[in-house]
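Some notes on the structure that comes next.
The values are calculated or read from the model by the stated rules, or taken from the named source; none is laboratory data. If you're wondering where the values come from, they're calculated on a predicted model, not measured in any experiment. As a convention, Cβ positions derive from the backbone with ideal geometry for all residues, glycine included, and neighbour counts pool all protein chains shown.
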Amino acid sequence: MELPLLYEDDAMLVVNKPSGLLVHRGDATSRREIALLQLLRDQMGQRLYPVHRLDRATSGIVLFAKDPQAAALLSEQFRKHQVGKNYLAVVRGWAPELIVCDDPLANLDRKDAPLQDASTRGQRIAQVAFPVAIDRYPEARYSLLHLMPLTGRQHQLRRHMKHLGYPMIGDTVYGKGLHNRFFRDSFAVHRLLLHHWTCSWTTSKGERREVRAPWDEAWDKVIQACHWQQALSEVLCLSGLG
């Protein structure tokens with residue numbers, strides 16, 4: 001597998017992770033399972049240092065450092081919330097124009113730990129209704145969202161959208177099975193519709209950089225079926241990435 005690089009300099013590189021791939025193996029995963037870190041080390045022929053992670057099911061931008069010093073600098077930016085992270089998500093229902101959620105979240109790794117502060121902001125890009133009765137509703141309504149996690153808690157965006165009543169499509173943990181099945185049957189989409197779309201950070205030379213990760217074929221199918229091309233183009237132009 002040749003992983004698509006989005007950016008590279010002397011200190012770091014940025015890659016577009018496909019959905020379904022671990023960032024790196026952990027205690028709860030098989031040592032035989034292929035992970036993004038191992039694939040990228042083989043591809044680049046050097047040791048790399050992950051500075052953040054995406055859920056296995058989430059696609060999009062992941063940053064890696066090339067040495068411990070660069071890893072420390074990037075990790076500090078993440079800790080101080082100086083990295084701009086923007087996601088695309090498809091959710092059930094017609095979400096409000098502005099998304100605000102500051103619901104504290106439990107630590108999934110330590111059940112006895114206190115709740116963690118968590119903050120998410122976002123906006124609705126577009127919405128759609130299909131004339132299909134699902135559950136108790138006469139039509140199936142969905143929204144395309146631009147989400148910005150201001151903190152970095154595990155599964156934060158997925159949990160916050162569930163808390164607000166707009167679970168993500170394709171989410172087998174926090175989502176709704178009937179709506180996931182509708183997208184599988186109608187559009188052959190078998191993945192979580194959450195994509196780390198754009199990211200900005202400061203390089204080791206003090207320069208601000210921003211990259212955008214193209215979405216995959218599954219996203220293309222949904223965008224075309226929902227006629228969201230124009231709405232996304234307008235967001236891209238406003239962000240300067242069009």
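Looking only at the range 75-117, count every residue that is touching a Cys at 6+ places or on another chain (Cβ under 7 Å) and either part of a loop (DSSP other than H, G, I, E, B) or more than 23 Å from GLY60 (Cα to Cα) (or both) and tell me the total.
Adding up the residues that qualify gives 1.
Give me a count of the residues in the range 176-234 that are surrounded by 13 or more Cβ atoms within 10 Å (Cβ to Cβ), polar (S, T, N, Q) and in contact with a helix residue (DSSP H, G or I) (Cβ under 8 Å, 6 or more places away or on another chain).
Residues in the range 176-234 being surrounded by 13 or more Cβ atoms within 10 Å (Cβ to Cβ), polar (S, T, N, Q) and in contact with a helix residue (DSSP H, G or I) (Cβ under 8 Å, 6 or more places away or on another chain): 4 in total.
Looking at (1) of a type in the set (A, V, I, L, M); (2) surrounded by 16 or more Cβ atoms within 10 Å (Cβ to Cβ); (3) more than 30 Å from LYS176 (Cα to Cα), which is the only condition ALA72 fails?
(2)
Looking at the range 142-156 only, could you name the residues that are surrounded by fewer than 18 Cβ atoms within 10 Å (Cβ to Cβ) and in a strand (DSSP E or B)?
Within the range 142-156, just MET148 meets the criteria.
Give the residue, chosen from VAL128, VAL83, VAL132, VAL90, that is touching a strand residue (DSSP E or B) at 6+ places or on another chain (Cβ under 9 Å), within 30 Å of ASP220 (Cβ to Cβ) and surrounded by fewer than 12 Cβ atoms within 10 Å (Cβ to Cβ). It would help to see each step written out before you state the result.
On the way: VAL128 fails: surrounded by fewer than 12 Cβ atoms within 10 Å (Cβ to Cβ); VAL83 fails: surrounded by fewer than 12 Cβ atoms within 10 Å (Cβ to Cβ); VAL90 fails: surrounded by fewer than 12 Cβ atoms within 10 Å (Cβ to Cβ).
Just a single option satisfies the conditions, and that option is VAL132.
Quick check: is even one residue across the range 153-168 modelled with pLDDT under 95 and out of contact with any Asp or Glu (no Cβ under 7 Å at 6 or more places or on another chain)?
Yes: the range 153-168 contains one or more residues that are modelled with pLDDT under 95 and out of contact with any Asp or Glu (no Cβ under 7 Å at 6 or more places or on another chain).
With GLU207, GLU234, GLU139 as the choices, which residue is of a type in the set (Asp, Glu), closer than 30 Å to LEU74 by Cα and free of Cβ contacts under 8 Å to residues at least 12 places away in the same chain?
Details: GLU234 fails: closer than 30 Å to LEU74 by Cα; GLU139 fails: closer than 30 Å to LEU74 by Cα.
Going through GLU207, GLU234, GLU139 in turn, the sole match is GLU207.
Answer yes or no as to whether LEU54 is hydrophobic (A, V, I, L, M, F, W, C) and within 19 Å of MET12 (Cβ to Cβ).
yes
If you check GLN82 against the conditions, is it under 30 Å from ASP9 (Cβ atoms) and under 19 Å from the mean Cα position of the chain (by Cα)?
On the way: under 30 Å from ASP9 (Cβ atoms): yes; under 19 Å from the mean Cα position of the chain (by Cα): yes.
Yes, satisfied.
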